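The values are calculated or read from the model by the stated rules, or taken from the named source; none is laboratory data. On a predicted model such as this, the values are computed, not experimentally measured, just so you know. Here the Cβ positions follow ideal geometry from the backbone for every residue, glycine too, while neighbour counts run over all protein chains shown. Only protein heavy atoms, including side chains, enter the accessible area calculation; ligands, DNA and RNA are left aside. Shrake-Rupley method; radii C 1.70, N 1.55, O 1.52, S 1.80 Å.
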Amino acid sequence: MFIGAQVSLYPMVSDFVRVILSGLKGIDPYRDQLRIETDDVSTLMVGAPEPLFGAIRDLFAEAARDPAHVAMHVTFSRGCPGEPDDPNCRCDVLATAQDTPLAQRQQQAAEAVRAAPVLGVEIDVQFSLYVMGQDRHMDEIYGCIEFLKDSGTFLKSKNFCTRLHGDAGAVFETVRQAFLRFGPAQGHVTIDLTASANSPTAR
C-alpha cells in the first residue's frame, strides 16, 4: 500500500523562515522512517502511519510553540490506485481492520486518543474524510463522525468538515484514527486537513 501526505506550513509572521526551521526539528526523529521530498509548494512524506503522523504532528507543534499565528494544510492519502506499493508503508492496524465491526473500531479509536501523548500545545483543526470507491461509504463516514463526537477533541460540525480542538497530541491522534479505522482497509481513503494555532481570531 502507498501511504503519504502533502504538507504545507504557513507561519503568519514576517520572519517565517525562523518558525519553519524551528518546526522542522520536530521531524528529525522520524527522518529515517520516511521518504521526504520538498519543493517550493509542499513537502511529500511517505511511510507508515505512526512515523508519518508523528512527524506532521511534531512539525506543527514545534512551530506552534512560537507565539506567531501558524497554519498548516495537509492532504493525507492511503491506498491510492495510481501509486505503487511501498514496503515502508506497512500498517498493522489496516491489516486487521477489514474484518473488525464498526463499533469495535470506534472503541479502539477512542482508546488510542485517550492514550495520546500530551504535548502542551493547544491547536485547532478542521478536516474532511473521503472514502473512495465504496457503495456504502456514508456508513463509514457516519461511523467516523460518531467516534469524533466522543473523542474528547470534537469542537463542532461545519459544512463539509469537522472542527477539533485540544492538545496537539490528542487532536492528531484523533485524525490518525479517523484515517486508519474508517473506510476499507485496502481501499483509497483521503483526509483534507487545515490546522491553526495562536490565531488572533476568535473561534
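A few remarks follow.
- Filtered residue count, segment 134-170, keeping only those that are in contact with a strand residue (DSSP E or B) (Cβ under 6 Å, 6 or more places away or on another chain) and in a strand (DSSP E or B): 6
Okay, residues lined up against (1) at pLDDT 95 or above; (2) over 17 Å from the mean Cα position of the chain (by Cα); (3) closer than 21 Å to residue 118 by Cα:
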| site | (1), (2), (3) |
| --- | --- |
| 40 | no, yes, no |
| 51 | yes, no, yes |
| 62 | yes, no, yes |
| 85 | no, yes, no |
| 93 | no, no, no |
| 96 | no, yes, no |
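- Cross-chain or 6+ apart pairs with Cβ under 6 Å, segment 98-112 first and open to solvent by 20 Å² or more (accessible area, probe 1.4 Å), then aromatic (Phe, Trp, Tyr): 106/147
- Filtering 46, 74 for residues that are hydrophobic (A, V, I, L, M, F, W, C), touching a residue at least 40 places away in the same chain (Cβ under 8 Å), under 12 Å from residue 5 (Cβ atoms) and surrounded by fewer than 22 Cβ atoms within 10 Å (Cβ to Cβ) leaves a single hit, 46.
- Selected residue (only one of 8, 14 is surrounded by fewer than 21 Cβ atoms within 10 Å (Cβ to Cβ), hydroxyl-bearing (Ser, Thr, Tyr) and outside any strand (DSSP E or B)): 14
- Figure legend. Inter-residue proximity from segment 184-199: first residues closer than 13 Å to residue 171 by Cβ, second residues of a type in the set (A, V, I, L, M, F, W, C) and in a loop (DSSP other than H, G, I, E, B), beta-carbon distance below 7 Å, spacing 6+ or different chains. Indicated pairs: 197/121.
- For beta carbons closer than 8 Å, sequence separation of 6+ or different chains, a first residue in segment 1-28 that is free of Cβ contacts under 8 Å to residues at least 40 places away in the same chain and basic (Lys, Arg) and a second that is assigned to a helix (DSSP H, G or I) and open to solvent by 50 Å² or more (accessible area, probe 1.4 Å), the qualifying pairs are 25/62.
- Cβ-Cβ distances below 9 Å connect the following pairs, each with a first residue in segment 51-65 that is over 24 Å from residue 89 (Cβ atoms), a second residue that is of a type in the set (Gly, Ala, Ser) and surrounded by 24 or more Cβ atoms within 10 Å (Cβ to Cβ), and a separation of six or more residues or different chains: 64/168; 64/195.
- Note on segment 17-43: among residues that are part of a loop (DSSP other than H, G, I, E, B) and of a type in the set (A, V, I, L, M), the one that is surrounded by the most Cβ atoms within 10 Å (Cβ to Cβ) is 34.
- Any hit, segment 179-198, residues being open to solvent by 30 Å² or more (accessible area, probe 1.4 Å), outside any strand (DSSP E or B), on the phi < 0 side of the Ramachandran plot and modelled with pLDDT of 95 or more: no
- Residue list for segment 122-140, restricted to those being more than 16 Å from the chain's Cα centre (by Cα) and surrounded by 14 or more Cβ atoms within 10 Å (Cβ to Cβ): 132, 134, 137, 140
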